Protein chains: 2
Amino acid sequence: MKVLVVEDDQFHASYLQDALSDALPEVTEIIHAVDGAEGELAARQGEISAVVMDLQMERRNGIEAACTLWAERPETRVLFWSNYADDAYLRGIAQIVPDDSAYGYILKTASPDRLKLALRAVLVEGQIMVDREIHRRQKRNESPRTRLSDSEFVVLLDLVLGLQDKLIAKRRGMSLRTVQNRLLSLYDKLGVDQSHDENLILNKRVRALNRALVTRTINIETLEAAERELEIWLRENR
Amino acid sequence: MKVLVVEDDQFHASYLQDALSDALPEVTEIIHAVDGAEGELAARQGEISAVVMDLQMERRNGIEAACTLWAERPETRVLFWSNYADDAYLRGIAQIVPDDSAYGYILKTASPDRLKLALRAVLVEGQIMVDREIHRRQKRNESPRTRLSDSEFVVLLDLVLGLQDKLIAKRRGMSLRTVQNRLLSLYDKLGVDQSHDENLILNKRVRALNRALVTRTINIETLEAAERELEIWLRENR
DNA sequence: TTGAGACTTGCGGGAACCCGCAACACATCT
DNA sequence: AGATGTGTTGCGGGTTCCCGCAAGTCTCAA
């Protein structure tokens with residue numbers, strides 16, 4: 001059994017390789033790639049169906065890599081291994097995971113035992129496994145007024161790119177006023193107005209981006225990925 | 001000689017402790033703290049004058065910790081050890097470092113040899129040492145129109161908090177128009193307008209925050225730290 | 001069928017933002 | 001002294017943003 005490790009931090013990579021050879025004796029070969037692009041290449045050439053994937057990487061992040069990877073071989077089993085439980089990652093993964101492929105999501109802060117368990121469950125047994133910590137966050141966000149709906153999320157992505165209402169409406173096929181309504185509920189859910197001082201009025205748009213970042217709803221990589229998608233959309237629409 | 005290690009990632013912490021005891025035989029005791037607040041406490045109680053400090057930490061980040069730490073014992077030698085060469089960190093450190101204390105800044109991606117060299121140079125010899133990679137970035141930003149002046153930077157901090165022009169003017173003691181001029185040059189230097197498509201107009205404020213993040217001029221911790229400072233200012237000015 | 005609730009859309013207006021134009025202060029260099 | 005550059009301030013107006021009000025659609029359930 002061959003396993004591909006995609007991870008740009010050398011310490012974490014070697015720690016992970018130790019855990020791998022320790023927990024899974026059936027592993028015969030460990031291939032190491034340092035970013036998403038390299039990982040895609042390695043997976044294609046090595047015909048690999050078991051991957052451990054870091055999420056934050058320089059050139060091409062884990063979600064994008066997993067996307068092309070699953071497009072080529074949907075049965076590939078992927079264990080995502082990340083520092084953070086950012087909501088943006090969860091959404092991203094949820095959107096691209098094929099119907100019946102095994103995957104998992106575990107935090108780097110997890111104990112060695114839990115990591116080994118996840119490695120076996122996902123890569124060998126083909127189970128779905130999500131770190132408890134992450135599940136808790138997802139639940140918390142699911143609460144009444146906190147969790148963003150999908151349509152709110154895409155408007156947030158456009159907002160943080162700096163698009164103005166009219167263009168968002170055009171891109172998403174909504175009327176101007178509807179976009180503004182979405183923004184309204186965004187401001188509400190992100191807690192834009194509940195600042196410390198009462199009679200303190202803030203710039204809602206900037207504040208929304210700020211809040212989305214500190215609540216880990218999005219992160220800088222989300223920004224960069226959204227930028228790339230915008231560029232594609234722009235080319236298609238002159 | 002006692003050394004305090006402030007670092008919340010267990011792998012990095014143990015790697016660092018190995019490097020320490022390997023490179024500096026004169027070290028008799030290594031104390032480990034997992035965030036800024038704990039680090040301050042440990043330094044105070046242990047009367048420690050040599051510290052290796054991570055920058056990104058949950059409760060209280062490395063710069064804030066170093067600040068109180070240097071306030072109590074200005075001769076403390078601090079080696080900052082970080083994943084990123086974000087400009088915000090450089091500015092933060094430059095502002096708080098006492099006149100004649102030793103400090104250093106090294107990246108986690110540095111080779112073990114370079115790390116050991118830095119440990120010896122800063123903690124034992126009391127030299128100033130900045131990673132070449134970081135110096136290069138600083139130089140790059142120093143180029144003609146790219147580098148932000150200090151006054152532009154503070155306006156940027158207010159902007160990203162969501163303050164509106166009038167309030168920024170009040171807080172920084174400038175006229176409204178001056179603030180807007182600062183913003184103008186900010187937009188220019190951050191490359192707010194140079195979007196892919198020509199006739200594409202963006203929301204400047206949001207775009208400025210976006211650009212500042214992806215160019216690593218600021219990061220999420222900068223946001224959180226700025227928020228705390230704003231809160232203090234608000235209390236003082238009702 | 002009727003009614004409640006959620007979502008969409010248009011209109012209108014006040015506030016904030018962006019910025020060109022112009023005047024003035026201050027420092028530096030020739 | 002004069003020129004030049006940089007930074008500060010006011011004014012005016014075009015644009016965008018934010019949102020209350022109101023009317024319309026769609027769904028679900030009583």
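The values are calculated or read from the model by the stated rules, or taken from the named source; none is laboratory data. The shown structure was predicted, so the numbers you read here are calculated from the model rather than taken from an experiment. Using ideal geometry, Cβ is built from the backbone for each residue, glycine included, and neighbour counts are taken over all protein chains shown. What goes into the accessible areas is simple: the full protein's heavy atoms, side chains included, and nothing from ligands, DNA or RNA. Shrake-Rupley method; radii C 1.70, N 1.55, O 1.52, S 1.80 Å.
Going from the chain on its own to the full set of protein chains, the stretch A:211-238 has these residues losing 20 Å² or more of accessible surface (heavy atoms, 1.4 Å probe, no ligands, DNA or RNA): A:LEU213, A:VAL214, A:ARG216, A:ILE220, A:LEU223, A:GLU224, A:GLU227, A:GLU231, A:LEU234. Only aspartates and glutamates eight or more places from B:LYS170 in sequence, or on another chain, were considered; those with a Cα closer than 20 Å are A:ASP197, A:GLU198, B:ASP150, B:GLU152, B:ASP158, B:GLU227, B:GLU229, B:GLU231, B:GLU236. 3J(HN,Hα) along the stretch A:154-161, derived from phi through the Karplus expression 6.51 cos²θ - 1.76 cosθ + 1.60 where θ = phi - 60°, amounts to 5, 5, 4, 4, 5, 4, 5, 6 Hz, with x in place of Gly and Pro.
Taking the centroid of alpha carbons for each part, the stretch B:211-226 and the stretch B:34-101 are 19 Å apart.
Near A:ILE31, the amide H atoms lying under 5 Å from its own belong to A:VAL3, A:LEU4, A:VAL5; only residues 5 or more places off or on other chains count, and H is placed 1.01 Å from N. On association of chains A and B, roughly 3400 Å² of accessible area becomes buried (total for both chains; probe 1.4 Å).
Shielding value for A:3-13 is 2, the average number of Cβ atoms from other chains within 10 Å of each residue's Cβ.
Label points for B:ARG228 are taken 7 Å from Cα along Cα→Cβ. From this copy to the others they lie 3.4 nm apart, shortest first. Counting only protein heavy atoms and a 1.4 Å probe, the stretch B:43-188 has 47 square angstrom of accessible area per residue.
With contacts taken as Cα pairs under 8 Å at a separation of at least 6 residues, the stretch A:1-93 carries a relative contact order of 29 percent. Ordering B:LEU41, B:LEU190, B:VAL122 by the projection of their Cα atoms onto the charge dipole of chain B, which places +1 on the Cβ of Lys and Arg and -1 on the Cβ of Asp and Glu, puts B:LEU190 at the extreme positive end.
Here are some pairs, A:LYS2/B:LYS108; A:LYS2/A:LYS116; B:LYS2/B:LYS108; which of them have Cα atoms lying more than 26 Å apart in this structure?
Working: A:LYS2/B:LYS108 29 Å; A:LYS2/A:LYS116 16 Å; B:LYS2/B:LYS108 22 Å.
Those over the limit are A:LYS2/B:LYS108.
Relative contact order of chain B, taken over Cα pairs closer than 8 Å and 6 or more residues apart, is 15 percent.
Take the alpha-carbon positions of the stretch A:1-63, form their convex hull, and give its projected area averaged over all directions (one quarter of the hull surface) in nm². Orientation-averaged projected area of the Cα hull: 3.8 nm².
Approximating the spin labels as points 7 Å out from Cα along Cα→Cβ, the B:TRP233-to-B:VAL124 distance works out to 4.5 nm.
Amide H contacts for B:ARG60 (H built 1.01 Å from N in the peptide plane; partners 5 or more residues away or on another chain; cut-off under 5 Å): B:GLY36, B:ALA37.
Close amide H pairs (under 5 Å, H built 1.01 Å from N) link A:ARG77 with A:ALA50, A:VAL51, residues at least 5 positions away or on another chain. Within the straight-line cut-off of under 20 Å between alpha carbons, the lysines reachable from B:LYS166 are A:LYS204, B:LYS204, sequence neighbours fewer than 8 places apart in one chain being disregarded.
With θ taken as phi - 60° and the Karplus curve 6.51 cos²θ - 1.76 cosθ + 1.60 applied, the whole-hertz 3J(HN,Hα) list for the stretch B:30-36 is 10, 9, 10, 10, 9, 7, x Hz, x standing for glycine and proline. Each residue of the stretch A:69-84 was assigned a 3J(HN,Hα) from its phi angle through the Karplus curve 6.51 cos²θ - 1.76 cosθ + 1.60 (θ = phi - 60°); the sequence is 4, 6, 5, 7, 9, x, 7, 4, 9, 10, 9, 7, 9, 9, 6, 10 Hz, with glycine and proline shown as x.
Looking at the stretch A:23-77, which GluC sites (Glu not before Pro) are DSSP coil and have at most 12 other C-beta atoms within 10 Å of their C-beta? Here the sparse-neighbourhood loop sites are A:GLU26, A:GLU47, A:GLU58, A:GLU75.
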